[in-house]
1. How high is the FRET efficiency between A132 and D365 when r is their beta carbon distance and R₀ equals 35 Å, given to the nearest 0.05?
2. How large is the dipole of segment 262-339 about the Cα centre if only Lys and Arg carry +1 and Asp and Glu carry -1, each at its Cβ, rounded to the nearest 20 debye?
3. Please give the peptides 153-164, 267-278, 315-326 ranked by average Cβ packing (other Cβ atoms within 10 Å per residue), highest first, as a rough proxy for protection.
4. Of the heavy-atom accessible surface of the chain (probe 1.4 angstrom), what whole percent is carbon and sulfur?
5. With point charges of +1 on the Cβ of Lys and Arg and -1 on the Cβ of Asp and Glu, referenced to the Cα centre of the chain, which listed residue (A262, N130, T40) lies farthest in the positive direction of the dipole?
6. Under the classification rounded if a/c is under 1.5, otherwise prolate if a/b is larger than b/c and oblate if not, where does segment 3-183 fall, given a ≥ b ≥ c as square roots of the Cα gyration tensor eigenvalues?
7. Would you mind working out the magnitude of the charge dipole of the chain relative to its Cα centre, with +1 at each Lys and Arg C-beta and -1 at each Asp and Glu C-beta, to the nearest 20 Debye?
8. I need to check one value: relative contact order of the chain, counting alpha carbon pairs closer than 8 Å and at least 6 residues apart, in percent.
Amino acid sequence: MSDATRRVIVGVTGGIAAYKVPALVRLLRKNGCEVKTVLTNAAKPLVGAEPLRVLSGNPVYSDDKSAHYDMDHIRLSEWADLLLICPATANTIAKMAGGIADNLLTTLTLSIHESKIIVVPAMNCVMWANNATQSNVGTLASRGVTVLPVGEGELACGVRGPGRMAGTEEIVKRVMDRFNASENPANAALKGKNVLISSGPTEEPIDPVRVITNRSSGKMGAALAKAALSMGARVTVVSGPASEPPPSGANVIRVRTAAEMAAEMGGRFAEADICVMAAAVSDYRPVVSSNIKIHRSEKENITLELAPNPDILAALGAVKTSKQFLIGFSLESGDGVDRADEKMRKKGCDMMVFNTADTALGGNDIAMTLLLTDGGREAFPSMDKTAAAGVILGKAAERIGKGIQKSV
Ligand code: CTP
């Protein structure tokens with residue numbers, strides 16, 4: 001992608017933060033982007049069309065004229081490399097989640113691939129926390145739309161809390177990171193490749209109502225799936241009972257136990273070019289799982305005898321070919337980078353993502369160190385899991401591009 005094709009449509013909805021859009025347009029252009037703007041009717045009183053026209057160097061699109069009949073939404077979607085909805089109100093987010101197309105901007109969101117959309121929410125903190133908004137944001141994210149986190153602080157309505165629009169510079173950085181990632185020739189190494197990802201926790205039944213499990217949310221697996229899809233890969237996710245849904249573009253296989261996950265991963269591994277064991281597999285399962293609920297009244301103390309589960313990653317590492325790239329995650333409770341390195345070699349992986357339980361499990365962010373079999377170690381500061389997924393797969397793509405796989 002050349003600079004000339006860094007074409008951004010900024011879709012402006014009726015949030016008070018719309019007054020920041022002219023500065024955003026200016027900064028995007030300074031960074032080499034071509035910009036067009038689309039205003040909803042609610043945005044019009046909040047930001048002047050004339051400054052946007054002058055700063056973008058393009059006409060401002062809105063519902064003024066018979067835009068739908070002129071096929072503006074189709075022409076704009078063909079033109080754009082990225083649709084940045086900024087600020088995005090709860091109303092527009094809800095319409096997008098529901099597939100409603102009642103104005104030029106929402107019609108445009110249906111005409112453009114979800115992976116090309118970045119949503120920058122801005123609203124009152126109670127509206128942001130509302131279950132409907134959170135569920136709508138989750139729906140968009142699961143379809144591959146990037147939703148930027150909101151900031152916290154004093155809001156236009158006078159209260160304090162999460163709901164502020166991300167800073168203009170931060171937004172432009174995310175846009176440029178996106179362009180740079182898709183322009184990175186190393187990332188092309190994933191195009192058309194089969195990526196197999198395990199995600200979430202596993203559950204080992206004690207009886208029909210009780211299980212042994214862990215706090216894994218599946219966020220890292222979902223972020224990896226999204227990143228792989230946006231790099232043009234074909235993605236299969238074998239997911240335990242995770243709270244975070246994998247993106248809709250992935251082929252999703254649901255499992256509960258480690259044994260089920262081992263069977264699904266083992267059966268699909270031969271087809272995979274890249275495999276990531278991001279799942280937090282329960283290490284043990286009850287030797288006996290009761291078919292009926294164990295009643296408390298029957299026994300005072302009970303002892304659970306546990307048997308080790310199969311090590312899925314080690315089993316995959318044992319049959320891996322030199323054409324495959326295998327990535328493991330090593331979660332340690334403290335400073336265990338050398339243990340992680342040892343695990344990488346013992347389990348036959350090409351790369352190990354070392355992270356600590358306090359920074360990663362269940363959260364939105366991860367601080368990680370990437371370990372490679374040639375001794376390479378790279379530590380990264382805490383970042384959100386979407387960004388981390390891009391870094392991990394970018395590193396894998398770079399290795400595959402160079403044909404470096406030394407662990408076999
Ligand atoms: N893993 C696996 N099967 C298991 C346990 C772990 O495939 N039964 C995978 C995980 O998905 C992860 C890697 O192995 O990619 C390392 O997991 P981790 O829990 O850090 O290590 P363990 O092998 O469980 O070792 P230990 O508990 O001794 O740290």
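The values are calculated or read from the model by the stated rules, or taken from the named source; none is laboratory data. Everything numeric here is computed off the predicted structure, so don't read it as measured data. Glycine also receives a Cβ, built like all others from the backbone with ideal geometry; neighbour counts cover every protein chain displayed. SASA here: full protein model, heavy atoms, side chains in, ligands and nucleic acids out. Shrake-Rupley method; radii C 1.70, N 1.55, O 1.52, S 1.80 Å.
1. Working: r = 25 Å, r/R0 = 0.72.
After rounding, the FRET efficiency stands at 0.90.
2. On the way: 8 positive and 11 negative charges, 53 e Å.
With Lys and Arg at +1 and Asp and Glu at -1, about 260 debye.
3. Values: 153-164: 15.0, 267-278: 20.4, 315-326: 17.4.
Ranked by mean Cβ neighbours within 10 Å, highest first: 267-278, 315-326, 153-164.
4. The C+S portion of the solvent-accessible surface of the chain is 51 percent.
5. Of the candidates, T40 comes out farthest on the positive side.
6. Rounded shape, in that the Cα axes give a/c under 1.5.
7. Dipole size: approximately 580 debye.
8. In percent, rounded to a whole number, it is 11.
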